[in-house]
1. With a length cut of 30 Å (Cα positions projected on each helix's long axis) and a Kyte-Doolittle mean of at least -1.0, go through the chain and give me the DSSP H helices that pass.
2. Need one number: nm distance between label points at residue 46 and residue 170, each 7 Å from Cα along Cα→Cβ, rounded to one decimal.
3. May I ask you to give the percent of accessible area on region 155-210 that is carbon plus sulfur, with a probe radius of 1.4 Å?
4. Go ahead and collect, in residue order, the members of region 214-237 whose backbone nitrogen is under 14 Å from a label point 7 Å along the Cα-Cβ direction of residue 249.
5. Set the Förster distance to 51 Å, then compute FRET efficiency between residue 62 and residue 240 from the Cβ-Cβ distance, nearest 0.05.
6. Sort the following peptides by mean Cβ neighbour count (other Cβ atoms within 10 Å, averaged over residues), highest first: 8-20, 89-101.
7. Assign unit charges at the C-beta atoms only (+1 for Lys and Arg, -1 for Asp and Glu), then state the dipole size of the chain relative to its Cα centre in Debye, rounded to the nearest 20.
8. What is the calculated FRET efficiency for residue 190 to residue 159, with r their C-beta to C-beta distance and R₀ = 25 Å, to the nearest 0.05?
Amino acid sequence: MANQKGGVGKTTTSVNLAAALSMHGQRVLVVDLDPQGNASTALATDHRAGTPSVYQVLVDDLSLASIVKPVPDMPGLFCAPATLDLAGAEIELVPMVGRETRLKRALSSFDSMEFDYIFIDCPPSLGLLTVNAMAAAQEVLIPIQCEYYALEGLSQLLQNVELVRVHLNQTLALSTILLTMYDGRTRLASQVADEVRSHFGDTVLSSVIPRSVRVSEAPSYGQSVMTYDPGSSGAMAYMEAAREIAYRAATVAGAS
């Protein structure tokens, strides 16, 4: 999940898509790569200072398996937490050999076959942490908020995706764009949605995530909106987006 703009719904999307898929019997891991640790908070996973986290995996070569924790009351959902130490990892990784592929190495030595999906929640920047995520992943999902300036800075992100694909990870592809914070009462939201769809075509999911107080409230209770208020418009929209993603994956698998 990548977008260098903050507040576009990266963490919210990571957490709620993961929860929705796990509720349909999929085994899902969320790797929290944002020093703020908001995904860890929303998934009720301990990430206090001193907790073994993604930081130790990247900097100290700790095994990923040793930090992955099951999410309480959510069978099939797991979290690799982030702590504030990760904020320093950008600098500490600079002199290291293979600094861009530390996460890729950790994932390759991890038994990822036990998971159907692995979501990596990136920080709002295009630094080394996001590059590590792109070097390790097969697909990029970009949440785009339906607001003014939505497409600003997107060309830089797409350029970085292409650079990583050429130099570090030839399997990387921009597979999915999800429109978030859609307010159906405004003309602007539908204009932005139309503009994004005309730019990116079928890459954009049909499902749109509406502005929702319930979605915003859920993390403060250590929950996704899927469990906090399953009947809310936000939960139903994320469930629909998860179905669409799963259907696309099955279609691609069937075609290959």
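The values are calculated or read from the model by the stated rules, or taken from the named source; none is laboratory data. This one's a predicted model, so the numbers in the text were calculated from it and none came from an experiment. Cβ atoms come from the backbone with ideal geometry, glycine included; neighbour counts cover every protein chain shown. For the accessible areas, the whole protein counts, side chains as well, though only heavy atoms, and no ligand, DNA or RNA atoms are used. Shrake-Rupley method; radii C 1.70, N 1.55, O 1.52, S 1.80 Å.
1. 233-255
2. 4.5 nm
3. Result for region 155-210: 49 percent of the exposed heavy-atom area is carbon or sulfur.
4. Taking a point 7 Å out along Cα→Cβ of residue 249, no residue of region 214-237 has its backbone N under 14 Å.
5. FRET efficiency, residue 62 to residue 240: 0.85.
6. 8-20, 89-101
7. It comes to approximately 240 debye.
8. My answer for the efficiency is 0.35.
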